[in-house]
Amino acid sequence: MSVENRVFEVSADLMTKEDIPEILDIEKESFPAPWSEGMFVGEINNSMSYCISARAKYKSESILAGYIIFWMVSPEIHLHNIAVKKEFRRQNLASNLLDVMDDIGRKAGAKVVTLEVRPSNTMAIKLYEKRGFVVKGIRKKYYTETGEDALVMWADIK
Ligand SMILES: CC(C)(COP(=O)(O)OP(=O)(O)OC[C@H]1O[C@@H](n2cnc3c(N)ncnc32)[C@H](O)[C@@H]1OP(=O)(O)O)[C@@H](O)C(=O)NCCC(=O)NCCS
């Protein structure tokens, strides 16, 4: 049965090393320069880093549908990674993961969130703009593999 015909229950939890193989598949379909296994292990082991996985559950099946990684650098949150498996996109999963990030940040006293995004990544920019992010700077040639600049976006945590 295809993913489209099923109703999944989605829940978010701390990322574990067992999640990494499915995460690497999502990385490969999502980014021109996917993170490596070692980078995810490093984040899971880093006490500054919050790593959250969203799993879609259907009967006994559990599919890793998305994830978010951010650092708390009080009073700022630095969003380092967010992606959603292609089949689960446009179902508010990224928005829900960003809500989880905001809730955790708010409780820890964070006031603002910042991130870098490729100017060519219109889907991500649309998501961020919808949530109140604005471009406040450009990092020249930030993405070394393509030489692309990064837009630096900021939003207040409400
Ligand atoms: C960007 C990404 C995380 C969005 O995930 P998602 O779960 O599909 O996003 P949501 O369903 O929460 O979308 C919320 C809103 O964002 C905007 N948006 C999201 N994807 C969009 C797209 N492909 N085109 C236009 N707008 C889009 C829309 O306004 C959407 O609201 P709507 O569906 O009511 O119109 C997902 O497309 C992805 O994983 N992309 C590859 C990885 C990536 O680029 N990460 C960001 C790195 S900076």
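Here, each number is a calculation from the coordinates, and none is a lab measurement. Worth saying up front: this structure is predicted, and the values here are computed from it rather than measured. Cβ sites come from the backbone with ideal geometry, for glycine too, and all protein chains shown count toward neighbours.
Distance between the pseudo-spin-label points of residue 144 and residue 9 (7 Å out from Cα toward the beta carbon): 4.5 nm. With a Förster radius of 35 Å applied to the C-beta separation of residue 131 and residue 60, the computed FRET efficiency comes to 0.55. Our estimate of slack between residue 71 and residue 87, defined as 0.36 nm per intervening residue step minus the Cα-Cα distance, is 3.0 nm.
Among 25-32, 65-72, the peptide with the highest mean count of other Cβ atoms within 10 Å heads the list, and the full ranking is 65-72, 25-32. For the chain, the alpha carbon convex hull comes to 120 Å³ per residue, rounded to a whole number. The charge dipole of the range 98-158, taken about its Cα centre with unit charges on the Cβ of Lys, Arg, Asp and Glu (plus for the first two, minus for the last two), comes to roughly 180 debye. Restriction of the trypsin sites (Lys or Arg not before Pro) in the range 45-138 to DSSP coil positions whose beta-carbon has at most 11 other beta-carbons within 10 angstrom yields 59, 90. Neighbour counts of C-beta atoms inside 10 Å place 87, 9 in the sequence 9, 87, starting with the fewest. If you count the DSSP beta bridges with both ends in the chain, what percent of them are antiparallel, to the nearest 5? Within the chain, antiparallel bridges account for around 90 percent of the total. Counting only Cβ charges, +1 for Lys and Arg and -1 for Asp and Glu, the dipole size of the range 1-104 around its Cα centre is about 300 debye.
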